[in-house]
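J.: Starting off with a structure, shown below.
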């Protein structure tokens, strides 16, 4: 009689590979040899009668059937883990956030939440896409928007307003602009997404929009602010992301006041059920209070 489900070891190997940079890394995390790990994946594919990973690439890539299987099996495995946890086990919260937000703001403040939460652990997942939430590998995400959250429950966290920032001295030897009216003579820096923040800032500030040259683009906000702090040009600062470099003096504000940018941060949850968990509710309340403080001090 054929077994009704594959072994849990094979499913665990599949889940690990789906969230790891390589099969070798996944095998290391499970403390087994790469050949033993490969056999577990092959056993799962033999049982399912279909491949779950593309072959030949430098990193694991799920086939369409693999993505479907991941979506179906993840909630069941997570439920099994929760049901098997011993009484009084440490609570774990999985939070996804963009790299720049995590490095520039969240990690410095997270110990305050952990101190108040008692027996709890927080796992940080770096990302900006919804898939980890949909797959069950994150409970709550800090995302920038507005955007399409694919029906996932969400709540606004904080609107973002921008203000020009610069190093005290630029690479070409010039001092930072003395006023907002001097911005046109300096190179502007921006991120690839959203690509139009300077246009939004000029439209809201009342200053004439710059007509020559496009901003130099960087993939992440952390790279953007490091480039600005190194003197490459003028960036748009926001609460959360520029706070650390402003506090250290590597960046300074140009002019006063901030211009709303029409975007903000949101808390997005894996499901309404996850949203109602006590630890998730506590984290959401703490994030909202911390965000209000950050915006108020900007």
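J.: Is it the case that residue 151 is outside the structural domain of residue 284 (by TED's automatic domain parsing), outside any strand (DSSP E or B), surrounded by fewer than 19 Cβ atoms within 10 Å (Cβ to Cβ) and modelled with pLDDT under 95? Give the derivation first.
T.: On the way: outside the structural domain of residue 284 (by TED's automatic domain parsing): no; outside any strand (DSSP E or B): yes; surrounded by fewer than 19 Cβ atoms within 10 Å (Cβ to Cβ): yes; modelled with pLDDT under 95: yes.
So residue 151 does not fit the description; no.
J.: Moving on. Just name the residue that is modelled with the highest pLDDT out of those in region 68-99 that are surrounded by fewer than 15 Cβ atoms within 10 Å (Cβ to Cβ) and closer than 20 Å to residue 129 by Cβ.
T.: Checking each candidate, the answer is 68.
J.: In region 1-28, how many residues are under 23 Å from residue 134 (Cα atoms), free of Cβ contacts under 8 Å to residues at least 40 places away in the same chain and under 23 Å from the mean Cα position of the chain (by Cα)?
T.: Counting residues in region 1-28 that are under 23 Å from residue 134 (Cα atoms), free of Cβ contacts under 8 Å to residues at least 40 places away in the same chain and under 23 Å from the mean Cα position of the chain (by Cα) gives 4.
J.: If a residue must be surrounded by fewer than 16 Cβ atoms within 10 Å (Cβ to Cβ) and touching a helix residue (DSSP H, G or I) at 6+ places or on another chain (Cβ under 7 Å), how many such residues does region 186-228 contain?
T.: 1
J.: What pairs can you find where one residue is in region 33-49 and exposed (fewer than 12 other Cβ atoms within 10 Å of the Cβ), the other is modelled with pLDDT under 90 and assigned to a helix (DSSP H, G or I), and their Cβ atoms are less than 9 Å apart, with a gap of 6+ or different chains?
T.: 35/27
The values are calculated or read from the model by the stated rules, or taken from the named source; none is laboratory data. This structure is a prediction, so every number in the text was calculated from the model and none was measured. As a convention, Cβ positions derive from the backbone with ideal geometry for all residues, glycine included, and neighbour counts pool all protein chains shown.
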